[in-house]
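One structure is given here, and the rest of the page talks about it.
Rule-based calculations on the coordinates, nothing more; no lab input. As the structure is a computational prediction, the values presented were derived from the model and not from experiment. Cβ sites come from the backbone with ideal geometry, for glycine too, and all protein chains shown count toward neighbours.
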């Protein structure tokens, strides 16, 4: 009963957790990328400062050659792989490239002020800094660093976040499922007890109600010496008892159908039933009611179709749908039933030219005791349980039922259920 709600609650909880986790991971990733960028900027500043500090000065603060030893050094590039993968350049005061070291190509234009520049091809971050000593401009240091390392760091961070998120979602999903199942168990037990009580109460009430109706009918069959007022009272008693007896029987059937759905007691080896035969039988039963209203009954069901249901359940579904259509179709109207193969199963439709159902009322048609305002009267012969019984039975066989309607024109109930088309030897193909 609560399985659908359990799945929905688990899905909602996981979705909320996933949303929060996604925001958290995005924030961590952005913060991490920003930290990596800051580290790279600090590294470039440090290299530029080291290059400037490698310029030789004499005791009077004058530069010997005005060039950083870090770049001028004759040390081969292979001696420092880290510097070899970078690019360090020295520009004179006029902005002319003087010397450089490293193998990485720089394509961004030279800037005279201290600044960072992003290079797209090859991907790199470039830092330029003026070298000033004793208030005098000596030149410019420009350092370029490839982004391959920082991209690896970002990819590793992303992988860790994704892996951690998957583990967290999996663990959270299992935990949420167990907690929700445990928390819903008392509710499910209470509902099962209530269903059992309804079934027991309906069963126990049937006997005295039947006795009341039977005794009233017996009294009415022997009216000798009975006052007219007493006769009317007995007729009212018999009519009321008949209504209550039908209501009790429907409640009992509904309770049993719902219990079977929840406890999965459906026999997997059901015998296929000839749908056309059952439709003919049910049409014979409802024909007198249709004739009283001069209704036209149309049977458009294909032959050689079978469904996997119990006979009583199939008859109950067909009769309730046809009774409902006849009840709410005005005189001289039309009620039709159709059956045909559909999507690997069988589709049954019952259509009438009746009063229809308002759009906002369509979701309520399968609620217990619900009836449209135009028909909200026990004199219509119903108690609002026919359609809930139909839905409970269809759910019992893992089928679906839907309704469409045009107020004042038509209503159509559509059932999709397991079945198929039979061959001439009586076996399904």
Extension gain, residue 16 back to residue 174 (0.36 nm per residue minus Cα-Cα distance, nm): 55.4 nm
Sorted by mean Cβ packing within 10 Å, highest first, what order do the peptides 124-133, 405-414 take? 124-133, 405-414
Students often check this: by mean Cβ neighbours within 10 Å, which of 15-26, 318-329 ranks highest, and how do the rest follow? 318-329, 15-26
Order of 145, 304, 278 - criterion: other Cβ atoms within 10 Å of each residue's Cβ, fewest first: 304, 278, 145
Given a Förster distance of 45 Å, the FRET efficiency implied by the Cβ-Cβ spacing of residue 368 and residue 156, rounded to the nearest 0.05, works out to 0.15
Determine, for each peptide in 238-245, 308-315, the mean count of other beta carbons within 10 angstrom over its residues, then list the peptides with the highest first. 308-315, 238-245
So in region 284-369, what percent of DSSP beta bridges are antiparallel if you round to the nearest 5? 65
For region 298-319 and region 122-173, distance of Cα centres in Å: 71
What ranking do 224, 395, 281 get, fewest neighbouring Cβ atoms within 10 angstrom at the top? 224, 281, 395
Residues 317, 167, sorted so that the one with the fewest Cβ neighbours within 10 Å comes first: 167, 317
